[in-house]
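First comes the structure, then the notes that go with it.
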Amino acid sequence: MKDSNVAQPNAGGSGLFHMDLTQAKSRIKQAWIFAVVSGVLSAIISVLAVSGVEGLEVFRFAMVDALILFALAYGVHRRSRAAASTLVGYWVFNIIMLGLSSAVVVRLVFLAVFILGAWATFVYHKLQGEQNTDPAPSIRDQILN
C-alpha cells in the first residue's frame, strides 16, 4: 500500500529526493530563504560598488541580480515550479559567468539548496494533487446549489 503523503519518484527510494509533504515545504522554504540571502548580498555589493569601493567596480549592476533573485525567491515562496526551475538555471548561469574563482563551496551549497527546492516544488504539487481527490464541483452544481 502506497503512502499518499510521500512522492514515489523511484520505487523503494530514500534519500535527498524522497520526501513527504512536510519535507517538501521545508525544502521550498530553505530555497526561497537562500535566494533572499543571495539577493541581499548582491544588493549590498551593488551599493558598495556604486559608492566607489575599490575592487568592486565590476559589480555595479549587481542590483539587477538582486532584483532577479528577489523576484525568483517570491515565486519559489509561492511554490512555483517555473520560478524554482528558473532559479536553478539562473544560479548555474551566474556560476558560469562569475567563474569558480572565489567562494566555490558556498556557491555549490546554494546550488544544492536550489536544486532540492526546485524538486520539492514538483513533489509538493504532485502530493497536493493526490490529496485533492474530490472532483471540483461543476459550474452547473455551483449554480444550482
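Some values worked out for this structure:
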item: Distance between modelled label sites at L48 and S26, nm, 7 Å Cα→Cβ extension; result: 3.3
item: Cα gyration tensor of the stretch 60-121 - equivalent ellipsoid semi-axes, whole Å, descending; result: 20, 15, 8
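Laboratory data are not the source of any read-out in this text; all were calculated from the coordinates shown. Everything numeric in this text was worked out from a predicted model, so none of it was measured. Neighbour counts run over all protein chains shown; Cβ positions are idealised from the backbone, glycine included.
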